[in-house]
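Since the structure comes first, as structure tokens, the remarks are kept for the end.
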Amino acid sequence: MQHTPLYQAHVDLGARMVDFGGWSMPISYGSQISEHHTVRRGAGVFDVSHMTILDFKGTEVGSFLRRVLANDVSKLQSEGQALYSCMLREDGGILDDLIVYWFGGERFRIISNAATCTKDLAWFREVASGTAVEIDQRKDLAMLAVQGPRAREIVAKSILHSKKCLALGPFFSTQIGNYMLARTGYTGEDGFEVILPAKNVCGFWEALLKHGVVPCGLG
């Protein structure tokens, strides 16, 4: 069973831990209903460091991604822009869903699911074989989803102290120091997904909790 850098923090908070795609992850910290309402009314934080983070670069990366993804990455016209898509088999069948970010030039980042990491990475590498495309799995990074109507304000004003955060449009990302902030998520509420060095995630987590963000499980 794999653990994220926040595993002990979850245990210390009394989280109910379950097998989630081969990772020991918190399903809840007590009441899933209470956590649901927190995200709808305030701000909650989810540890999603089990997700697969892949960086792509190279002179053929655009054509490569247009081949393996259902959505066309040429739609990404502004640096930091993101789109939701699926990765496809040769016959058009769906392998996984994901979000792809364009960092400008010939650089992209894809966030896909943990349970399908091995087969996703194998398929990407198989299709990229013999092309000018480099694929880097970023195991050095962690990821948090800070979601809810108060999430962006707390992250921007109380933790990162950056107006740049609040100016970020939906489905756009930006880099602030070692932190990648993306105005994306899967909760149906506004907020940020934050990708940062794994060595820094415990401190960031504690800062969120200090400012009233409530830990939420994946249930």
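The values are calculated or read from the model by the stated rules, or taken from the named source; none is laboratory data. This structure is a prediction, so every number in the text was calculated from the model and none was measured. Reconstructed Cβ throughout: ideal geometry from the backbone, glycine too, with neighbour counts over all protein chains shown.
Numbers for the structure displayed
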item	result
Test: residue in the range 43-60 that is surrounded by fewer than 17 Cβ atoms within 10 Å (Cβ to Cβ) and in contact with a Cys (Cβ under 9 Å, 6 or more places away or on another chain)	no
Filtered residues of the range 34-50 (kept if more than 15 Å from F192 (Cα to Cα) and touching a Ser or Thr at 6+ places or on another chain (Cβ under 7 Å))	E35, H50
Number of positions in the range 194-218 that are in contact with a Ser or Thr (Cβ under 6 Å, 6 or more places away or on another chain) and closer than 16 Å to R150 by Cβ	2
Long-range neighbours under 6 Å by Cβ, at least six apart or interchain, first residue closer than 18 Å to L83 by Cβ and not assigned by TED's automatic domain parsing to the domain that holds W102 within the range 160-189, second aliphatic (A, V, I, L, M) and in a loop (DSSP other than H, G, I, E, B)	T174/L168; R183/L168
All strands (runs of 3 or more DSSP E) inside the range 86-193 with 2 or more residues being among the small types (G, A, S) and over 19 Å from the mean Cα position of the chain (by Cα)	none
Residue list for the range 207-217, restricted to those being in contact (Cβ under 8 Å) with a residue 24 or more places away in the chain and surrounded by fewer than 17 Cβ atoms within 10 Å (Cβ to Cβ)	A207, L209, H211, G212
Cβ-Cβ under 6 Å pairs, at least 6 apart or on other chains, the range 57-73 side outside the structural domain of M87 (by TED's automatic domain parsing), far side loosely packed, with under 15 Cβ neighbours inside 10 Å and not aromatic (F, W, Y)	none
Any chance A182 is in contact with a strand residue (DSSP E or B) (Cβ under 7 Å, 6 or more places away or on another chain) and within 14 Å of P5 (Cβ to Cβ)	no
